[in-house]
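Undergrad: Before I ask anything, let me first share the structure, which is written out below as structure tokens.
The values are calculated or read from the model by the stated rules, or taken from the named source; none is laboratory data. Owing to the predicted nature of the structure, the values given are computational and were not obtained by experimental measurement. Ideal geometry is used to build each Cβ from the backbone, glycine not excepted, and the neighbour counts take in all protein chains shown. Please note that ligands, DNA and RNA were not included when accessible areas were found on the heavy atoms of the full protein model with its side chains. Shrake-Rupley method; radii C 1.70, N 1.55, O 1.52, S 1.80 Å.
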Amino acid sequence: MRRDVFQAIADPIRRDIIQLLSTQELTINEVANKFDISRPAISKHLKILYECELIKYNQIGRERLCLIQPEKLVPAFLWIKQYNELWEARIDSFENYINELQTKKDKNE
């Protein structure tokens, strides 16, 4: 199955895992211990993140460390950014409209 970054970030648990791994490398068990869901469920989330290339594993002895691949988030960031700019422009326009209404109201009082 082909997966992409948007599929990875669609789930709040996976977003939490990304956030967690953005500050430190953790073993699969250490990741699982941070959540109130089963280890097999965490393993499935990690598998999706791995398939989307958002994480990789570093084998150290018997342990597998999960490492974030932040550059793989860039396509999602760029896609979201364009909508952020659009909404900021719309909000600014709405704010200007409200200010104009308030100014007209103040003049009429």
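Undergrad: Within 14 Å, Cβ to Cβ, of Ala32, how many net charges do the neighbouring residues add up to if Lys/Arg are +1 and Asp/Glu are -1? Before the final figure, lay out the partial values.
TA: Numbers: positive: Arg14, Lys34, Arg39, Lys44, Lys47, Arg64; negative: Asp16, Glu30, Asp36, Glu63.
Summing Lys/Arg as +1 and Asp/Glu as -1 gives +2.
Undergrad: Heavy-atom accessible area per residue, the chain, 1.4 Å probe: how many Å²? Working shown, then result.
TA: Working: 8170 Å² over 109 residues.
With the other protein chains kept in place, the chain gives 75 Å² per residue.
Undergrad: Okay, moving on. Could the peptides 23-30, 101-108 be put in order, highest first, of the mean number of other beta-carbon atoms found within 10 Å of their residues? Walk me through the numbers on the way to the answer.
TA: Working: 23-30: 13.5, 101-108: 8.8.
Result, highest mean first: 23-30, 101-108.
Undergrad: So, one more: If the cut-off is a Cα-Cα distance under 14 Å, which aspartates and glutamates reach Lys56, setting aside same-chain residues fewer than 8 apart in sequence?
TA: Straight-line reach from Lys56, under 14 Å: Glu25, Glu71.
Undergrad: Among Ala32, Ala89, Ala41, whose mean-square fluctuation peaks in a Gaussian network model of the chain (Cα, cutoff 10 Å)?
TA: It is Ala89.
Undergrad: Label-point separation (nm) for Glu100 and Arg64, each offset 7 Å from Cα along Cα-to-Cβ?
TA: 5.9
Undergrad: Just need the relative contact order of the chain here, percent rounded to a whole number, with Cα pairs under 8 Å and 6+ apart.
TA: Values: 80 pairs, mean separation 29.3, N = 109.
Rounded, it is 27 percent for the chain.
Undergrad: Right, another one. Placing +1 on the Cβ of each Lys and Arg and -1 on the Cβ of each Asp and Glu in the stretch 21-67, which of Leu67, Leu26, His45 has its Cα farthest towards the positive end of the resulting dipole?
TA: So the residue we want is His45.
Undergrad: Using Cα atoms only, what is the angle between the long axis of helix 12-21 and the major principal axis of the chain, expressed in degrees (0 to 90) to the nearest 10?
TA: Roughly 70 degrees, rounded to the nearest 10.
Undergrad: Further question: With each label point set 7 Å from Cα along the Cα-Cβ vector, what nm distance links Ser38 and Ser22?
TA: 3.0
Undergrad: Rank Ile55, Ile98, Ile68 by mean-square fluctuation in a GNM of the chain with C-alpha springs under 10 angstrom and give only the top-ranked residue.
TA: Checking each option, the largest mean-square fluctuation is seen for Ile98.
Undergrad: Expressed as a whole percentage, what fraction of the accessible surface of the chain belongs to carbon and sulfur atoms when a 1.4 Å probe is rolled over the protein heavy atoms? Don't skip to the answer; put the middle values down first.
TA: Details: 4270 of 8170 Å².
About 52 percent, which is the carbon plus sulfur part of the accessible surface.
Undergrad: Moving on. So which aspartates and glutamates pass the test for Lys104, namely a Cα distance under 20 Å, with those fewer than 8 places away in the same chain ruled out?
TA: Partners found: Asp92, Glu95.
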